[in-house]
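The values are calculated or read from the model by the stated rules, or taken from the named source; none is laboratory data. The structure presented is a predicted model; accordingly, all values stated were derived computationally and were not measured. Heads up, the Cβs are rebuilt from the backbone with ideal geometry, glycines too, and the neighbour counts pull from every protein chain shown. When the accessible area is computed, the model is the full protein with side chains, heavy atoms only, and any ligands, DNA or RNA have been set aside. Shrake-Rupley method; radii C 1.70, N 1.55, O 1.52, S 1.80 Å.
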Amino acid sequence: QVQLVESGGGLVQPGGSLRLSCAGSGRIFSAYFMAWYRQAPGKQRELVAGIGVSGIPNYEPSVKGRFTISRDNAKNTVYLQMNSLKPEDTAVYYCSAPHLGSWGQGTQVTVSS
């Protein structure tokens, strides 16, 4: 398995930005598809963005153009840059290596004035 630790969440005003980081350890990080999920209160967990081993990203439609996922395999880290944040982006964000069944503990993102 890969151990994953997220950081970078917090409280931000609408229109603001945050960058989430996910540090991985254990198995060869660079060999796996990595993803960010989120879960809002009362809702199911949803895929926000994923990035393949080649670095090609994909996004949930509501965040496309606002969020950017990237990875630094040398640092075993995946990032999620979130711009133009909206109140509906409020959720706990989780980093995952889904093919390994590995999940981080989650980091809270709250968008509110």
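Key figures
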read-out: Cβ-placed point charges (K, R +1; D, E -1), dipole of the chain about Cα centre in debye, nearest 20; value: 80 debye
read-out: Probe 1.4 Å - accessible area at GLU88, Å² to nearest ten; value: 120 Å²
read-out: Relative contact order for the stretch 1-45, counting Cα pairs under 8 Å that sit 6 or more residues apart, in percent; value: 36 percent
read-out: Solvent exposure of the chain as accessible area per residue, Å², 1.4 Å probe; value: 51 Å²
